[in-house]
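Written out below as structure tokens is the structure these notes cover.
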Amino acid sequence: MKNILLPLALVFISLSFAQDKYLTKTGTVTFEASVPAFEEVKAKNESTTAILNTENGEFAALVLVKGFRFKNALMEEHFNENYAESDDFPKATFKGTISNFSFEKINNKPTSATFNGSLTFHGKTKAIENSTLNISMSDDNEIQLSGDFMADVSDFDIEIPSVVSKKLSKEVAVTYQFTLLKR
Amino acid sequence: MKKKLWILLVLFAILGVIGYNYVYQDHRNISTESASYTVTASELINQFQENATVSQEKYLNKTIQITGTVTAKSDNALTLDNAAFCSLSNATKFALNSTVTIKGRCIGYDDLLEEIKLDQCTLIN
């Protein structure tokens, strides 16, 4: 009897875990480091994987750096080869825990919440503290998670050559938008 | 003298055109590129799970052609053999559980979901 109970219990445990996760494979992350009067330096990644654990408010996003698309093809090439070095660092991660998270409180009105977490890019990790995000749930049970924060280029060990330093902001505005579905 | 001026002017114009075309070159067109590798989706995930670093070096940013069974789909994406998530360039209709071959650019291995991700995918057949 015990032999049957254990796998059965495991199945139930894994089922209950699976129910607490909301995820997307096509989340959007954009960053912008534009300087007024110069060409726009902006890229969008629409293939970000993001998972939210509605049990404890933990979330994690995996951004494949090669998936960042620029308007300008040459800029995209330079970003991958010289700045992000995406052959060596193909992944960026963004994760955190939402403070005072309560799944029951999420409704169709976007509410703001704070979170503490980190951003890993170019092999370097930087803490993100007390950042705000918006969370809401649509009628068809989709959780919307969005927000923005600033990141310093210098924190990620990225060198900007002096020739282009005027055209590139040292502070990068990062925005994210995830439409999460129950797994 | 006037002739020299003309030559100089033409030279500048040519340089200008070359420079412009370099700075504002077109994006890669994955759908017209020929595939660097042709594999099945399950074979591809096996390679990534065996050795992620080597596979990454081999496939990252490459145009690859993969075959597999459609295990999940949405308007702009499909999953082959629960192993390769392919974002489509254009919304294309697929039947669930059908076997298809698609071509796209490998953007990496998603270790949260243990899937390979491709973008700019198009249907071959």
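The values are calculated or read from the model by the stated rules, or taken from the named source; none is laboratory data. This is a predicted model, so every value here is computed, not measured. Methodologically, a virtual Cβ is constructed for each residue, glycine included, from the backbone with ideal geometry; neighbour enumeration extends over all protein chains shown.
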* Asked: Exactly one of (1) under 14 Å from the mean Cα position of the chain (by Cα); (2) among the hydrophobic types (A, V, I, L, M, F, W, C); (3) within 14 Å of chain A (Cβ to nearest Cβ) is unmet by B:PHE48. Its number?
  -> (1)
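When residues of region A:160-183 are filtered for being assigned to a loop (DSSP other than H, G, I, E, B) and not basic (Lys, Arg), how many remain?
Qualifying residue count for the region: 7.
When the residues of region A:40-64 are narrowed to those that are out of contact with any Asp or Glu (no Cβ under 9 Å at 6 or more places or on another chain) and closer than 18 Å to A:VAL153 by Cα, which ends up surrounded by the fewest Cβ atoms within 10 Å (Cβ to Cβ)?
A:LYS44
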* **Filtered residue count, region A:83-106, keeping only those that are away from chain B (no Cβ under 14 Å), surrounded by 11 or more Cβ atoms within 10 Å (Cβ to Cβ) and not in a loop (DSSP other than H, G, I, E, B)** => 6
* To do: Determine which member of the set A:LEU62, A:LEU145 is in contact with a strand residue (DSSP E or B) (Cβ under 9 Å, 6 or more places away or on another chain), assigned to a strand (DSSP E or B), of a type in the set (A, V, I, L, M, F, W, C) and within 14 Å of chain B (Cβ to nearest Cβ).
  => A:LEU62
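Quick one: in region B:112-125, of everything that is assigned to a strand (DSSP E or B) and charged (D, E, K, R), which residue is nearest to the chain's Cα centre (by Cα)?
Ranking the candidates gives B:ASP119 first.
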* To do: Go through the residues of region B:79-86 one by one and say whether even a single one is more than 11 Å from chain A (Cβ to nearest Cβ), at negative phi, of a type outside the set (Asp, Glu) and in contact with a Cys (Cβ under 8 Å, 6 or more places away or on another chain).
  => yes
* Go through (1) without any contact (Cβ under 8 Å) to a residue 60 or more places away in the chain; (2) buried (at least 19 other Cβ atoms within 10 Å of the Cβ) and name the single condition B:ASN51 misses. => (2)
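Results for (1) within 14 Å of chain B (Cβ to nearest Cβ); (2) in a strand (DSSP E or B), shown as yes or no for each residue.
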residue: A:GLY27; (1), (2): yes, yes
residue: A:PHE79; (1), (2): yes, no
residue: A:ASN108; (1), (2): no, no
residue: A:LYS126; (1), (2): no, yes
* Please indicate, with yes or no, whether at least one residue in region B:89-101 is within 12 Å of chain A (Cβ to nearest Cβ), surrounded by 15 or more Cβ atoms within 10 Å (Cβ to Cβ) and either under 27 Å from A:ALA60 (Cβ atoms) or modelled with pLDDT under 90 (or both). => no
* To do: Provide a single number: the residues in region B:12-45 that are surrounded by 12 or more Cβ atoms within 10 Å (Cβ to Cβ) and either modelled with pLDDT of 95 or more or more than 10 Å from every other protein chain (Cβ to nearest Cβ) (or both).
  => 14
* Taking region B:82-93 only, how many residues are more than 16 Å from the chain's Cα centre (by Cα) and under 18 Å from B:ILE107 (Cα atoms)? -> 2
* State yes or no: is A:LEU74 outside any loop (DSSP other than H, G, I, E, B), within 26 Å of B:SER87 (Cβ to Cβ) and over 12 Å from the mean Cα position of the chain (by Cα)? => yes
* Can you name the number of the only condition in (1) surrounded by 16 or more Cβ atoms within 10 Å (Cβ to Cβ); (2) more than 8 Å from every other protein chain (Cβ to nearest Cβ); (3) among the polar types (S, T, N, Q); (4) under 24 Å from A:ASN45 (Cβ atoms) that B:ASN61 fails? -> (2)
